[in-house]
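> Dumping the structure here so I can ask a few things about it.
The values are calculated or read from the model by the stated rules, or taken from the named source; none is laboratory data. Because the structure is predicted, anything quoted here is derived from the model rather than measured. Backbone-built Cβ (ideal geometry, glycine too); neighbour counts: all protein chains shown. We work out accessible area using only protein heavy atoms, side chains counted, and drop any ligands, DNA or RNA first. Shrake-Rupley method; radii C 1.70, N 1.55, O 1.52, S 1.80 Å.
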Amino acid sequence: NMKTALLLVDIQNDFITGSLPVPDGAAIIDPVNRCMTDYEYVIATQDWHPATHFSFHTSHPGRKPFETIERDGESQTLWPPHCVQASDGAALHPLLDTAPIAAIFRKGIHPDIDSYSAFFDNLRRRQTGLDGYLRGLGVGRLTIAGLAADYCVYYTIKDALSLGYEVTLSERLTRPISPEDFECQKRELTAHPAFTLTD
């Protein structure tokens with residue numbers, strides 16, 4: 001009796017028309033809206049950063065967007081400020097049908113740790129609470145949609161698989177920043193027996 005949920009990752013203004021737009025990101029909204037009725041549960045995430053988040057290039061004088069730094073032994077991309085808490089850029093896109101969304105989980109809220117995945121921060125020090133919420137609903141399968149395919153969607157899928165979920169990704173429900181990187185990631189993910197990639 002395992003249930004399936006639709007997980008919408010970061011379908012926010014800044015990733016579509018704002019400070020960090022994903023190429024062709026707006027194209028996913030209509031198909032996402034149309035498929036919501038296929039799922040008993042629809043859950044969303046929001047990037048929700050403090051204005052001084054360390055992943056912003058503006059927090060590092062002299063650094064430019066998309067440079068990388070080392071932090072806690074990990075490589076960190078420096079991003080343009082985006083999805084700042086309570087800003088218009090952090091809002092879910094106005095064309096996204098939010099009525100079916102049962103819960104929203106916010107990530108990237110801690111100023112010193114980035115959080116691509118919907119489940120954990122990048123150092124896996126803190127959980128978002130999403131895993132416990134899904135287990136409480138009896139959800140064991142996830143269809144994942146959202147932005148960007150090669151960052152927050154990819155890391156969400158990796159964590160979901162590591163937590164024991166079956167995961168489906170439909171390519172029409174996501175878009176990457178780097179199509180080349182996403183091709184490599186797809187090859188990695190499709191090697192996992194619990195992952196399914198569809199058109």
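> In a Gaussian network model over the chain where Cα atoms closer than 10 Å are linked, find which of 46, 85, 12 has the largest mean-square fluctuation.
For the chain, modelled as a Gaussian network with Cα springs under 10 Å, the answer is 85.
> Right, something else. I'm spelling it out carefully: the read-out is Cα extents along the principal axes in Å, the candidates are (1) 70, 42, 30; (2) 62, 35, 27; (3) 53, 35, 33, and one was derived from this structure. Which label?
Step by step, Cα extents along the principal axes in Å for this structure corresponds to label (3).
> From the helices alone, meaning DSSP H stretches of at least four residues, give me the mean residue ellipticity at 222 nm for the chain, per-run term -39500 (n - 2.57), in deg cm²/dmol to the nearest 500.
Working: 4 runs with 36 residues, N = 199.
The helix contribution divided over the chain gives -5000 deg cm²/dmol.
> For 95, 6, give me the order by solvent-accessible area with a 1.4 Å probe, most accessible first, ignoring ligands, DNA and RNA.
If we order 95, 6 from most to least accessible, we get 95, 6.
> Still on this structure: Give me the lysines in straight-line cross-link reach of residue 186: C-alpha distance below 27 Å, same-chain residues under 8 apart excluded.
The reachable lysines, counting only those whose Cα sits under 27 Å from residue 186, are 3, 107, 158.
> Before I look further, what does the chain give for accessible area per residue, probe 1.4 Å, in whole square angstrom?
Working: 9040 Å² over 199 residues.
Here the residues of the chain average 45 Å² of exposed surface.
> For residue 115, which sequence-distant residues (separation of 5 or more, or a different chain) have an amide H within less than 5 Å of its own amide H, given hydrogens modelled in the peptide plane?
Amide H to amide H, under 5 Å and 5 or more residues apart or across chains, residue 115 pairs with 108, 122.
> While we're here: Which sequence of 2, 36 reflects their accessible areas, 1.4 Å probe, from the largest down?
If we order 2, 36 from most to least accessible, we get 2, 36.
> A further question follows. For the stretch 1-95, just say rounded, prolate or oblate: build the C-alpha gyration tensor, square-root its eigenvalues into a ≥ b ≥ c, call rounded for a/c under 1.5, and beyond that prolate if a/b exceeds b/c, oblate if not.
Judged from the Cα gyration tensor, the stretch 1-95 comes out prolate (a/c at least 1.5, a/b above b/c).
> Follow-up question, since we're still on this one. For residue 196, which sequence-distant residues (separation of 5 or more, or a different chain) have an amide H within less than 5 Å of its own amide H, given hydrogens modelled in the peptide plane?
Placed amide hydrogens put 167, 168, 169 under 5 Å from residue 196.
> Using each residue's phi in the stretch 26-35, evaluate 6.51 cos²θ - 1.76 cosθ + 1.60 at θ = phi - 60° and report the 3J(HN,Hα) Karplus result to the nearest Hz, with x for Gly and Pro.
Listing the rounded values in order: 5, 5, 7, 5, 4, x, 5, 4, 5, 8 Hz.
> Summarise the accessible area of the chain (1.4 Å probe, protein heavy atoms) by the percent that is carbon and sulfur.
Answer for the chain: carbon and sulfur cover 50 percent of the accessible area.
> Take residue 126 and residue 68, extend 7 Å from each Cα along the Cα→Cβ direction, and tell me the distance between the two endpoints in nm.
Going by the 7 Å Cα→Cβ label model, 2.5 nm.
> For an R0 of 22 angstrom, estimate the FRET efficiency from the Cβ-Cβ distance between residue 99 and residue 197 and round to the nearest 0.05.
0.20
> Go through 136-147, 49-60, 152-163 and give me the packing order, highest mean Cβ count within 10 Å leading.
By packing density, highest mean first, the sequence is 152-163, 136-147, 49-60.
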